[in-house]
Amino acid sequence: MSKKDYYDVLGINKSAEDGEIKKAFRNLAKKYHPDVSTEQNAESKFKEIQEAYAVLSDGEKRAQYDQFGHAGMNFGGGQGAGGFDGFGGFEDIFSSFFGGGNRRDPNAPTKGSDLSKRITITFEEAIFGIKKQIVMSMYEECSKCGGSGAYSKKDVTTCNHCNGKGKIYKNQQTLFGVTRVQINCPYCNGTGKKITKKCSTCYGEGQVKTTKTINFDIPAGIDEGQQMRLTGKGEMGTNGGPNGDLYIIISVKAHGVFERYNSDIILELPISFSQAALGAEIQVPTVYGDVMLKVPSGTQTETKFRLRGKGVPELSGRRVGDQHVIVKLITPECLDNAQKKLFKSLSETDEMTSKVWSKFKNMFKK
């Protein structure tokens with residue numbers, strides 16, 4: 001079944017500002033929260049509005065949704081908004097508005113944080129691809145305590161406030177009156193356990209910061225601003241959860257001669273008057289090596305030639321672009337006596353014999 005448009009779910013326009021989005025969610029949350037609502041399918045309806053809010057309240061996710069729709073929420077192969085990946089349970093957002101709740105189980109497996117790294121590559125590296133290696137600082141499980149945070153196994157005891165349940169009940173004033181809510185135990189942070197003696201390496205955190213060398217391949221044809229996702233190369237997960245991902249953001253250095261346009265390469269080639277007038281075979285640089293280009297006699301400046309298959313390979317691998325050569329006629333600035341004599345002789349003849357010149361003159365004839 002196709003998902004409803006997130007803007008329709010919250011009943012707002014696509015131009016809605018952050019305050020309008022928050023207000024719409026707040027009103028719908030009051031109506032459909034399963035603990036208080038008498039509406040049919042309240043829980044599924046609340047999950048739907050929470051999912052919409054989780055995307056539209058985040059500038060980056062909203063921009064991605066506006067551009068790609070629901071398909072954009074699965075970018076990189078994750079669960080996306082449909083699976084609540086990275087958003088937490090719907091109770092968490094409800095709690096942020098109304099207080100209390102705090103139902104998320106701190107002992108549940110949690111995916112580690114994603115990381116990002118921008119790297120700069122050369123024009124040629126972007127075209128042909130390259131193997132790269134980077135060093136990242138990130139948190140990993142403490143090898144001494146195995147992530148428990150305790151000095152030894154006997155230094156982990158049951159919390160005597162919640163009796164190991166990780167939850168306690170309290171009365172709380174909400175928009176709906178005084179309600180009895182279940183919250184994470186503040187004495188053990190909902191884990192149900194207490195550490196009597198902390199690990200001497202991680203000091204109870206269960207993780208330590210390390211530097212890690214990561215090797216990866218940049219594919220041929222990648223372009224400026226594109227991203228690569230290295231699955232599982234981000235921060236460590238907790239409670240057995242998976243590691244986060246590492247996003248590599250690509251910057252490409254400008255080339256001194258070539259310009260790229262999608263899968264094509266553009267080259268401006270300077271030629272002389274004599275080469276343009278008489279024709280010539282000219283050696284032309286490409287990223288694959290020099291090739292010979294036949295310039296016919298009478299070639300005009302800005303004339304374009306195509307070198308097929310001398311462009312950029314598409315990431316899909318289906319085809320390789322072309323190189324477009326644009327000739328630029330260069331007027332000599334410094335002439336020696338012999339050259340001046342030749343140009344003077346040429347000037348005494350009728351140089352302007354082209355169709356373009358004839359058409360130009362005819363426009364002004366009475």
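The values are calculated or read from the model by the stated rules, or taken from the named source; none is laboratory data. Note that the structure is a prediction, hence the values are computed from the model and not measured. Using ideal geometry, Cβ is built from the backbone for each residue, glycine included, and neighbour counts are taken over all protein chains shown. Heavy atoms of the whole protein, side chains included, go into the accessibility calculation; ligands, DNA and RNA do not. Shrake-Rupley method; radii C 1.70, N 1.55, O 1.52, S 1.80 Å.
Data table
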read-out	value
Cβ-defined net charge surrounding residue 20, 13 Å radius [Lys, Arg +1; Asp, Glu -1]	+3
Contour minus Cα-Cα distance for residue 268 and residue 337 (0.36 nm per residue)	21.9 nm
FRET efficiency, 1/(1 + (r/R0)^6) with R0 30 Å, evaluated for residue 41 and residue 157 via beta carbons	0.10
Cα-Cα separations in the range 168-305 greater than 20 Å, expressed as whole percent	74 percent
Too-long pairs where the Cα-Cα distance tops 26 Å, listed order kept, from 4/167; 144/233; 14/47; 132/253; 23/45	4/167
The range 277-318 - accessible surface per residue (Å², probe 1.4 Å)	66 Å²
Sequence-separation-based contact order of the range 131-225, relative, with Cα cut under 8 Å and 6+ spacing, percent	45 percent
Of all accessible heavy-atom area on the range 152-283, the percent that carbon and sulfur account for (1.4 Å)	48 percent
Net dipole in debye of the range 144-275 [+1 Lys, Arg Cβ; -1 Asp, Glu Cβ; about Cα centre; nearest 20]	1640 debye
Difference of contour (0.36 nm per residue) and Cα-Cα distance, residue 301 to residue 71	78.1 nm
Carbon and sulfur %, accessible surface of the range 9-67 computed with the full protein complex present, 1.4 Å	38 percent
Accessible area of the range 119-225 divided out per residue, in Å², using a probe of 1.4 angstrom	62 Å²
Local electrostatic count, residue 164, Cβ distance below 11 Å [Lys/Arg +1, Asp/Glu -1]	+4
Residue-count net charge about residue 126 - beta-carbon cut-off 15 Å; Lys, Arg +1, Asp, Glu -1	-3
